[in-house]
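Asker: Dropping the structure in here first, questions after.
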Amino acid sequence: MMRELETSLKNLQTDYLDLYQAHWVCDDDVLDEVLAPGGALEALRKAKEQGKVRHYGITMHRHHKAIRRAIESGLFETIMLAYNALDEEGVGPDLIPLAAERDMGVIIMKPLSGGRLVSPPGSAKPDGLDPVVAGTLREITTNPSITTVIPGMVSTEEVDQNYRAVTTAHAFDDAARRRLFETIASLKKELRYGQLCLGCGYCLPCTEEIEIPKVFRALYMHQSYPEDQRSMGRELYDSLGMPADACVECKECMERCPAGIDIPERMKEAVAAFGRRAA
């Protein structure tokens, strides 16, 4: 860690960095290494004492148990998490608010899902803003638990558009959220790792009390996460109150789904993946 820091200081031609982060701490084992004597956290503390960094944090993906541990440890000043309107890594409901409650700076990466949450060419509104990009950034920056967002930008035009999108933001109410999801659904394309469900929850309530978006998330994790993390899909599915095989194919959920997903068929896919729940 100290060698990497010295390289960064040299390359950036500066004496200190405002923020330095332990990057890609993706599970409990790696977090243990960071926290162990002689590990990255010790180096970060030393660097701060020496004035080479002013603040230090951690960046994490997917593994909720490890993320919660890092937040609750109180050892980091910031945490960087992947989040957008689709909340593909499931950190929105609990973990982002928890970090904010612990007075951590919350930095959002992957706000545009790796470039997938972008409208087709020619879709800009009269104000020149991409409706999907602008809506997604507004959804994030109006969240009181989030400190800042770091979308990738490849031109000064994109910098200008993103700046205007967030500085002209109004309260992101239910109507604005619905419009955003309908616009994303209209793109009619698969998202990260082949994900189809938007996670919007408009399919609910289910007549059989199935937590449909969570079933989709569990299936997505089981099918698409790195092999050593796919067990998290099973853990999530087993935690649900009502299994996917409770579906009676009433199709009321389909009538409300902005993406037009054949939800009963995907419930069958979940049953095939996870098996039927024991009575």
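The values are calculated or read from the model by the stated rules, or taken from the named source; none is laboratory data. Treat the numbers as computed from the prediction; the structure is a model and nothing was measured. Neighbour counts are summed over all protein chains in view; Cβ atoms, including those assigned to glycine, are modelled from backbone coordinates with ideal geometry.
Asker: Restricting attention to region 143-164, does a residue exist that is in contact with a Gly (Cβ under 6 Å, 6 or more places away or on another chain) and either among the charged types (D, E, K, R) or within 23 Å of Cys197 (Cβ to Cβ) (or both)?
Answerer: Step one: filter region 143-164 for residues in contact with a Gly (Cβ under 6 Å, 6 or more places away or on another chain), giving 147.
Filter again for either among the charged types (D, E, K, R) or within 23 Å of Cys197 (Cβ to Cβ) (or both), leaving none.
Looking for residues that are in contact with a Gly (Cβ under 6 Å, 6 or more places away or on another chain) and either among the charged types (D, E, K, R) or within 23 Å of Cys197 (Cβ to Cβ) (or both), one finds none in region 143-164, hence no.
Asker: When you go through Leu129, Leu117, Leu112 one by one, which is the residue that is hydrophobic (A, V, I, L, M, F, W, C) and either over 19 Å from Cys197 (Cβ atoms) or at pLDDT 95 or above (or both)?
Answerer: The unique qualifying residue is Leu129.
Asker: Shifting gears a bit: Which of (1) in contact with a Gly (Cβ under 9 Å, 6 or more places away or on another chain); (2) within 17 Å of His64 (Cα to Cα) is the odd one out, the single condition Leu95 does not satisfy?
Answerer: Exception for Leu95: condition (1).
Asker: Scan region 196-220 residue by residue and report those that are touching an Asp or Glu at 6+ places or on another chain (Cβ under 9 Å) and within 16 Å of Arg62 (Cβ to Cβ).
Answerer: Gly199, Arg217, Ala218, Leu219, Tyr220
Asker: Which one of these does Asp94 not meet: (1) in contact with a His (Cβ under 9 Å, 6 or more places away or on another chain); (2) among the charged types (D, E, K, R); (3) under 29 Å from Glu6 (Cβ atoms)?
Answerer: (3)
Asker: Right, here's the next one. Out of (1) modelled with pLDDT of 90 or more; (2) farther than 19 Å from Thr136 by Cα, the odd one out for Ala278 is which?
Answerer: (1)
Asker: Same structure again: Go over the candidates Thr167, Thr141, Thr207, Thr147 one by one and state the one that is in contact with a Cys (Cβ under 7 Å, 6 or more places away or on another chain) and either farther than 30 Å from Met254 by Cβ or not assigned by TED's automatic domain parsing to the domain that holds Leu81 (or both).
Answerer: Details: Thr167 fails: in contact with a Cys (Cβ under 7 Å, 6 or more places away or on another chain); Thr141 fails: in contact with a Cys (Cβ under 7 Å, 6 or more places away or on another chain); Thr147 fails: in contact with a Cys (Cβ under 7 Å, 6 or more places away or on another chain).
Testing whether each residue is in contact with a Cys (Cβ under 7 Å, 6 or more places away or on another chain) and either farther than 30 Å from Met254 by Cβ or not assigned by TED's automatic domain parsing to the domain that holds Leu81 (or both) leaves just Thr207.
Asker: If we keep just the residues of region 96-121 that are on the phi > 0 side of the Ramachandran plot and within 13 Å of the chain's Cα centre (by Cα), which is surrounded by the fewest Cβ atoms within 10 Å (Cβ to Cβ)?
Answerer: For region 96-121, the residue satisfying everything is Gly114.
Asker: Tell me the helices (runs of 4 or more DSSP H) entirely within region 193-258 that contain at least 2 residues that are under 20 Å from Lys110 (Cβ atoms).
Answerer: Answer list for region 193-258: 212-224, 231-239.
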